[in-house]
Structures are given as structure tokens and as C-alpha cells.
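What follows is calculated from the coordinates using simple rules that are stated; it is not laboratory data. Note that this is a predicted model, so its numbers are computed, not measured. Neighbour counts are summed over all protein chains in view; Cβ atoms, including those assigned to glycine, are modelled from backbone coordinates with ideal geometry.
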Amino acid sequence: MKEKILHSIEESVRAVEQLKLEEPLRFINNLAQMIAESLCDNKKVLIAGNGGSLCDAMHFAEELTGFFRKKRRALAAIALTDVAHMSCVANDLGYEHVFARAIEAYGQEGDLFIALSTSGNSANLVLACKRAKELGLKTAALLGQSGGSTQGICDIELIIKDFKTSDRIQEAHMAALHICIEMVEDHIFWSGDLVKEQKEQLMLVDG
């Protein structure tokens with residue numbers, strides 16, 4: 001049992017270590033900049049995925065609307081999880097349309113849409129990415145395996161390779177997203193990129 005546990009830990013580390021490579025590093029830097037630019041322009045971030053990736057989307061959104069490292073004002077992020085919307089659209093049009101319709105409802109030009117898919121082959125995310133681009137949203141995808149049908153659609157993409165199971169891919173995705181949030185907070189609130197008056201306004205929080 002111990003050997004199996006150690007093997008799983010080593011696999012998890014190997015997945016996350018892909019983020020050290022040049023392309024993933026560039027993706028994290030670019031995604032953090034895109035998020036910060038959208039938020040500073042009073043735009044929002046929309047995130048979607050299926051199953052565990054939808055849970056990761058919720059986790060990512062709450063780190064922005066709540067707190068991550070320090071207290072600061074809430075940042076506009078929405079995980080596309082409304083079950084009434086999803087069941088309505090799935091029933092009337094098909095599950096492949098649930099996220100594209102949500103983007104039509106909530107998305108505005110200049111917003112950022114982030115798709116999470118360990119296979120890259122989720123039809124609802126492929127359609128969502130395409131619809132987001134049609135509506136003038138910026139787009140990013142965190143993918144796995146070969147990148148699947150989603151590869152090449154978005155403005156930027158991260159592909160965690162060499163893993164066939166979703167768990168290792170999702171662990172690397174979440175590590176990348178946590179680092180992005182850290183970089184976004186640093187850019188907006190702590191790094192000195194904004195003038196003092198802007199910072200004071202942005203950092204107003206209750207309590």
C-alpha cells in the first residue's frame with residue numbers, strides 16, 4: 001500500500017512539474033495578465049468545465065470573489081454552474097449547448113472565458129469557446145492528453161500531456177490556476193503597478 005501511495009504522489013508531482021516548462025510558464029503568465037486586464041477594465045471572468053473540472057471552476061471563481069492570500073475587494077468571476085439553466089438547456093437543446101447559452105446570457109465583449117477539460121473533447125466546451133470568440137470575449141483553455149477538439153480554438157491554451165486519467169491533469173490545472181490568482185492579486189493590489197488612489201479604492205473590504 002505504501003508503495004502505491006508513493007507512486008501516486010510521484011505521479012502528481014510529475015504532472016505539476018510540467019508547469020515548469022517554457023510553454024506552461026508562458027501560459028500562466030499570459031492568463032494572469034488577461035485576467036488582471038479584464039478585471040481592471042471592469043470586465044469579468046467566466047469559467048466552465050464538466051464533473052471535477054466544474055468543481056475546479058467553482059474553486060477558481062470563489063478564490064477571486066472571496067479571498068486568496070490577503071484581504072482585498074471581491075473580483076468578478078462566475079462559474080457557470082446554474083443547475084436550473086443547465087437542465088433547461090439540456091432538456092430543450094441538448095447538453096452540448098449549456099455553456100454556450102450561459103455565455104450568451106452573461107458574457108460581454110472584453111470578458112474572459114476559461115474552459116477546463118481534461119480531454120479537450122467536451123462538445124459543450126468546444127461550442128462555448130467558439131461562441132465566446134464570436135461575442136468578443138477573450139478565451140483560454142486548460143486541457144489534457146492531446147488537447148482534443150478544443151485545441152487551437154482559444155487565444156491561449158495549456159495542455160497537460162502524458163496522463164490518461166483526469167485526476168493528475170486536474171491537479172496540474174488547479175496548481176496553474178492557484179498561481180494565476182497569486183499573480184493577479186500581486187498585479188492588481190500589491191506590486192505597485194497601480195497608483196496609490198486606485199489601490200486604496202480597490203482594497204476597500206468589510207471587516
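So here's what we get for this one:
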{"read-out": "Relative contact order for the chain, counting Cα pairs under 8 Å that sit 6 or more residues apart, in percent", "value": "24"}
{"read-out": "Gain upon complete extension [CYS40, GLU134; 0.36 nm per residue less C-alpha separation]", "value": "31.6 nm"}
{"read-out": "Trypsin sites (Lys or Arg not before Pro) restricted to region 136-182 and DSSP loop, no more than 10 other C-beta within 10 Å", "value": "LYS164"}
{"read-out": "Full-stretch length increase - ILE5, TRP190 - with 0.36 nm per residue and alpha-carbon distance subtracted", "value": "62.7 nm"}
{"read-out": "Charge sum, other residues only, whose C-beta stays under 15 Å from ASP92's C-beta, Lys/Arg counted +1 and Asp/Glu -1", "value": "-2"}
{"read-out": "Computed lengthening from LYS161 to ARG73, 0.36 nm per intervening residue step minus Cα-Cα distance", "value": "28.1 nm"}
